[in-house]
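Notes for the one structure printed next.
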Amino acid sequence: MSSGTAEGGTAVGGTVNGGTAVTVRVPAKVNIQLAVGGARPDGFHDLANVFLAVSLYDEVTVRPATALTVTCEGPDADQVPLDRTNLAARAALLLAERHGIEPDVHIHIAKDIPVAGGMAGGSADGAGALLACDALWGLRSSRAELLDICAELGSDVPFSLVGGAALGTGRGERLTPLEVGGTFHWVFAVADGGLSTPAVYGEFDRLNEGVAVPPPEASEPLLAALRAGDPVALAASLSNDLQAAAVSLRPSLREALAAGLAAGALGALVSGSGPTTAFLTKDADAATQVASALLASGTCRTARTATSPAAGATVL
Ligand code: ATP
């Protein structure tokens, strides 16, 4: 996808040619395992979160301006906040504050990742804006410094920066890279309207009231399937502890999951906190077929095919 407004003057190796604009491409993610522990005293949950970056991307372009402004284009653009609550704006503000500089940039988001879909679109824009501003301002921050700011922005933001596949522990922000032995083919069914992540965790707590929730642990069979690049084995070990909560808040997700499986998907799950549903298929042809069947079933607004792993935030 092109960002439409990006000009020349892109960053190369952290320096800016002409200082006019820097565009960064950032992937969406799917959680192939999301193991959720009980609520902690601070309200957060410990997670064992296996992230996989997928080839649906936002592009974030930053250029010098007289004040911090945000614009957005794309099918869901009207649902994206354009004020300082936008994660891309927050990233620019945090980086500028750390370096004692003015955050005077125009941020343009070409949005292709579903909004509030459980695919970390906002987090992607935060990581993208951070990397783009770092290049535009010639800061050459280390990866560790960038990851530190990402973790401050949100639990999913560090993964948007690194991409590939990783195990996230703690709130999901402590990352260990994972080996992936092949390309996986996915279909993502995008539902109408979003689901609020805090609301889904609230429903998880409600459904698990009085239940001794075990400490979250990464699944060994899942990690082995990922290493082997084996879609059949991976499909058999997909799991999301938030799925019951997401389905409870949005019962129609049950039909979407069933429609994809009936169309030949090897496995299906709600992506993160939903309401996007993810379907693993055996190859690219099967993905195209499952996507058509999902669209025809009327259980989703749109169905997108994608592959994984995808690279993390990248300066174009
Ligand atoms: P996650 O998978 O990390 O839980 P999500 O994919 O469900 O997130 P997002 O698309 O990140 O959800 O959006 C969640 C909310 O964050 C939106 O409803 C919106 O109000 C807010 N938001 C802030 N910045 C952005 C952004 N750049 N893009 C989209 N939403 C944003």
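Computed from Cα atoms, the angle from the helix 121-136 axis to the main principal axis of the chain rounds to 30 degrees.
Take every pair of alpha-carbon atoms less than 8 Å apart whose residues are at least six positions apart; their mean separation over the length of the stretch 4-177 yields a relative contact order of 28 percent. Available extension along the chain between residue 196 and residue 83 is 38.8 nm, counting 0.36 nm per residue and deducting the alpha carbon span. Volume per residue for the stretch 160-316 equals 131 cubic angstrom (convex hull of Cα atoms). A simple rule links phi to the HN-Hα coupling: the Karplus curve 6.51 cos²θ - 1.76 cosθ + 1.60 with θ = phi - 60°, which for the stretch 285-302 gives 5, 5, 5, 4, 5, 5, 4, 5, 5, 5, 4, 5, 6, x, 8, 8, 7, 8 Hz, with x for Gly and Pro. Proximity of backbone amide H atoms, modeled 1.01 Å from N, is registered between residue 54 and 28, 29, 30, 310 at under 5 Å, excluding neighbours fewer than 5 places apart on the same chain. Residues within the reach of a label modelled at residue 213 (point 7 angstrom out along Cα to beta-carbon, backbone nitrogen below 17 Å), restricted to the stretch 227-265, are 239-249.
Considering only DSSP beta bridges where both residues belong to the stretch 4-177, give the percentage that are antiparallel (nearest 5).
Percentage antiparallel, nearest 5: 85.
For the pair residue 20 and residue 252, label points projected 7 Å from Cα toward Cβ lie 4.5 nm apart.
If Lys and Arg each add +1 and Asp and Glu each add -1, what is the summed charge of the other residues whose beta carbon sits under 10 Å from the beta carbon of residue 36? Walk me through the intermediate numbers first.
Details: positive: none; negative: 46, 205, 241.
Net of charged neighbours comes to -3.
Other residues whose C-beta falls under 13 angstrom from the C-beta of residue 189 contribute a net charge of +2, scoring Lys and Arg +1 and Asp and Glu -1.
Backbone N atoms of the stretch 92-110 closer than 11 Å to the 7 Å Cα→Cβ label point of residue 152 belong to residues 92-100.
Direction-averaged projected area, Cα convex hull, the stretch 4-177: 10.0 nm², rounded to one decimal. Summing charges over neighbours of residue 54, with a neighbour being any other residue whose Cβ is under 11 Å away from its Cβ, gives +2 when K and R count +1 and D and E count -1.
By the helix-only formula, in which each DSSP H run with n ≥ 4 contributes -39500 (n - 2.57) and the sum is divided by residues, the chain has a 222 nm mean residue ellipticity of -10000 deg cm²/dmol. Across the stretch 91-99, coupling constants 3J(HN,Hα) worked out from phi with the 6.51/-1.76/1.60 Karplus curve, θ = phi - 60°, read 5, 4, 4, 5, 5, 5, 4, 4, 10 Hz, and Gly and Pro carry x.
Looking at the stretch 188-223, which GluC sites (Glu not before Pro) are in a loop (DSSP not H, G, I, E or B) and have at most 15 other Cβ atoms within 10 Å? Intermediate values should be presented prior to the final figure.
Details: sites: 203, 209, 217; in loops: 209, 217.
Taking the stretch 188-223 and a limit of 15 other Cβ atoms within 10 Å, the loop GluC sites (Glu not before Pro) found are 209, 217.
Projected over all directions and averaged, the alpha-carbon convex hull of the chain occupies 15.5 nm².
The peptide list 115-121, 33-39, put in order of mean Cβ contacts within 10 Å with the highest first, becomes 115-121, 33-39. Centroid-to-centroid, using Cα positions, the stretch 250-316 and the stretch 168-214 are 16 Å apart.
None of the figures in this text is laboratory data; all of them are computed from the coordinates on show. Nothing here was measured: the structure is a model prediction, and the numbers come from that model. Cβ coordinates were reconstructed from backbone atoms using ideal geometry, including for glycine residues, and neighbour counts include every protein chain displayed.
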